[in-house]
Each structure stands twice: as structure tokens, then as C-alpha cells.
Amino acid sequence: DQQVKQNSPSLSVQEGRISILNCDYTNSMFDYFLWYKKYPAEGPTFLISISSIKDKNEDGRFTVFLNKSAKHLSLHIVPSQPGDSAVYFCAASQGYQKVTFGTGTKLQVIP
Amino acid sequence: NAGVMQNPRHLVRRRGQEARLRCSPMKGHSHVYWYRQLPEEGLKFMVYLQKENIIDESGMPKERFSAEFPKEGPSILRIQQVVRGDSAAYFCASSQGTGRIEAFFGQGTRLTVV
């Protein structure tokens with residue numbers, strides 16, 4: 001039962017344009033959402049998070065949007081840079097319980 | 001403040017041997033999570049531990065796998081009688097567990113069963 005879904009396994013974007021990574025979840029009890037970035041042969045690195053009481057959180061070039069009614073969140077990266085090329089994991093948790101990850105989206109930013 | 005430390009980074013075992021993966025959480029973190037990433041797949045939750053307690057092991061295979069987080073020392077993920085299908089990258093993460101729940105990950109242990 002995949003409670004957190006990233007339906008796009010890969011995404012290619014031109015440098016300077018916007019990257020939009022999408023994530024859907026099924027568990028309405030999730031109240032905290034996170035995005036992680038992972039380079040090959042390294043562990044995931046926390047990027048940005050959002051609580052269910054908010055619908056937007058911004059940190060520099062990264063913005064996460066949450067649509068609770070649709071059980072959907074997205075990560076916007078603007079402008080995209082070649083160094084952003086990595087696998088991005090969406091994750092969700094309920095309270096302080098385990099974090100459930102999606103299957104990841106591989107982003108390639110083309111110079 | 002050192003990050004999450006996992007060792008070894010690479011581990012090769014023959015079928016039937018035991019594999020022990022170690023994870024030292026970040027200083028001040030009392031919650032540890034183990035995840036497995038199979039080739040071409042995402043991160044799969046295995047187990048969530050606090051000091052001396054297993055909180056959630058719903059992602060652990062029923063047989064051959066066990067985990068502990070003793071009062072002193074690192075968390076250990078133990079795989080007995082390894083099989084080829086156990087070959088994967090195993091990631092440990094730690095968090096404070098209260099307030100901030102962003103988990104910080106180690107660099108992983110890549111287990112290869114030959």
C-alpha cells in the first residue's frame with residue numbers, strides 16, 4: 001500500500017526554468033510533509049517541510065505547496081540550476097511517527 | 001556536531017552469512033529509523049526505534065531481520081542468513097523526535113550478497 005506516491009519517475013528541465021515535482025498521498029492523518037534530495041551514493045538530505053496547517057512554505061528557490069483537499073503537494077524550484085539534478089523524495093508523517101517516503105522523482109536540469 | 005554515522009559503507013557477504021549494520025545517530029537524537037532502498041526503487045521504511053525500544057517494526061521482514069538501539073552504543077540492524085535479495089542500500093536516519101521531526105540521514109551501507 002503506497003501511501004505516498006510520486007507518479008513521475010523522472011523530469012527534465014532547462015536551466016533557469018521552473019521545476020515542479022508532484023506528490024500525492026492517501027492517508028488523511030498525515031500532518032507533516034517533507035521533501036528530501038538525494039545524490040547517488042549519498043544519503044537523502046532534508047530540503048524543506050510543511051505542516052498541514054499551512055498551504056505554502058518558501059525557502060529561497062524552493063517552495064512547497066500543500067493542497068489538503070486534494071491530498072497533493074508539490075515542490076517548485078525556481079530558477080532551476082544544474083546542481084539541482086538529483087532524486088527528490090516526497091515524505092509524510094503523522095505526529096512523531098515514522099516518515100513514509102514516496103518512490104522518488106529524478107530531476108535533470110539541462111544547462 | 002557529527003552527522004549520522006553509518007558503518008561500514010560497503011559490506012559484502014556470502015549467502016548464508018550474517019550482516020551487521022551500525023548506525024550512530026546525531027548527538028542529542030534519540031530516535032532512529034532504518035530504511036532500505038532496492039535498486040531502482042524508493043526508500044522503504046523498515047523499523048523505528050527509540051533507546052531500548054522498538055516503536056514500529058511494520059516494515060521489517062518477519063524472518064532473519066532484527067534491529068536494536070541499546071542504551072549505550074549504536075543502533076544495529078542485523079540480517080541473518082543473507083540471501084541475494086537482501087542486496088540493497090540500507091539507510092539510517094535519526095531525529096530529535098520532539099518538535100522538529102526532520103530526520104537526518106547517514107550515507108548508507110551498501111550490502112552486496114554474493
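The values are calculated or read from the model by the stated rules, or taken from the named source; none is laboratory data. Fair warning: this is a prediction, and the values are worked out from it, not measured in the lab. Virtual Cβ from ideal backbone geometry, glycine too; neighbours counted across all protein chains shown. Remember, those area values only see protein heavy atoms, side chains included, never the ligands or the DNA or RNA. Shrake-Rupley method; radii C 1.70, N 1.55, O 1.52, S 1.80 Å.
Points worth noting:
- Of the strands (runs of 3 or more DSSP E) lying entirely inside chain B, those containing at least 3 residues that are closer than 24 Å to A:Tyr88 by Cα are B:31-37, B:43-50, B:88-95, B:109-113.
- Residue that is most open to solvent (accessible area, probe 1.4 Å), among those in the range B:79-97 that are among the aliphatic types (A, V, I, L, M) and in contact with a Gly (Cβ under 9 Å, 6 or more places away or on another chain): B:Val83
- Residue, surrounded by the fewest Cβ atoms within 10 Å (Cβ to Cβ), within the range A:22-41, restricted to residues that are farther than 17 Å from A:Thr100 by Cβ and modelled with pLDDT under 95: A:Pro40
- Any hit, the range A:81-92, residues being open to solvent by less than 50 Å² (accessible area, probe 1.4 Å), at the interface with another protein chain (Cβ under 10 Å from one of its Cβ atoms), in a loop (DSSP other than H, G, I, E, B) and within 21 Å of B:Tyr48 (Cβ to Cβ): no
- Of all residue pairs spaced 6 or more apart or on separate chains, none has beta-carbon atoms under 9 Å together with a first member in the range B:20-44 that is more than 11 Å from chain A (Cβ to nearest Cβ) and over 22 Å from B:Val82 (Cβ atoms) and a second member that is at pLDDT below 85 and assigned to a strand (DSSP E or B).
- Qualifying residue in the range A:94-109 (condition: without any contact (Cβ under 8 Å) to a residue 60 or more places away in the chain and more than 12 Å from chain B (Cβ to nearest Cβ)): no
- The lone criterion from (1) out of contact with any Gly (no Cβ under 8 Å at 6 or more places or on another chain); (2) buried (at least 16 other Cβ atoms within 10 Å of the Cβ) left unmet by A:Thr103 is number (1).
- Taken as a whole, the condition of being within 10 Å of another protein chain (Cβ to nearest Cβ), closer than 17 Å to B:Asp86 by Cα and either in contact with a helix residue (DSSP H, G or I) (Cβ under 7 Å, 6 or more places away or on another chain) or not small (Gly, Ala, Ser) (or both) does not apply to B:Gln17.
- Once the range A:42-60 is narrowed to residues that are open to solvent by 70 Å² or more (accessible area, probe 1.4 Å) and within 21 Å of B:Gln37 (Cβ to Cβ), the residue that is modelled with the highest pLDDT is A:Thr45.
- Residue match in the range A:61-80 (condition: in a loop (DSSP other than H, G, I, E, B), away from every other protein chain (no Cβ under 13 Å) and buried (at least 19 other Cβ atoms within 10 Å of the Cβ)): yes
- Options B:Glu57, B:Glu102; residue that is open to solvent by less than 40 Å² (accessible area, probe 1.4 Å), free of Cβ contacts under 8 Å to residues at least 24 places away in the same chain and closer than 28 Å to A:Lys5 by Cα: B:Glu102
- Counted residues, the range A:5-21 - those being open to solvent by 70 Å² or more (accessible area, probe 1.4 Å), in a strand (DSSP E or B) and within 14 Å of chain B (Cβ to nearest Cβ): 2
- Assessment of the range B:29-44 against the conditions (open to solvent by less than 20 Å² (accessible area, probe 1.4 Å) and farther than 20 Å from A:Pro44 by Cα) yields no matching residue.
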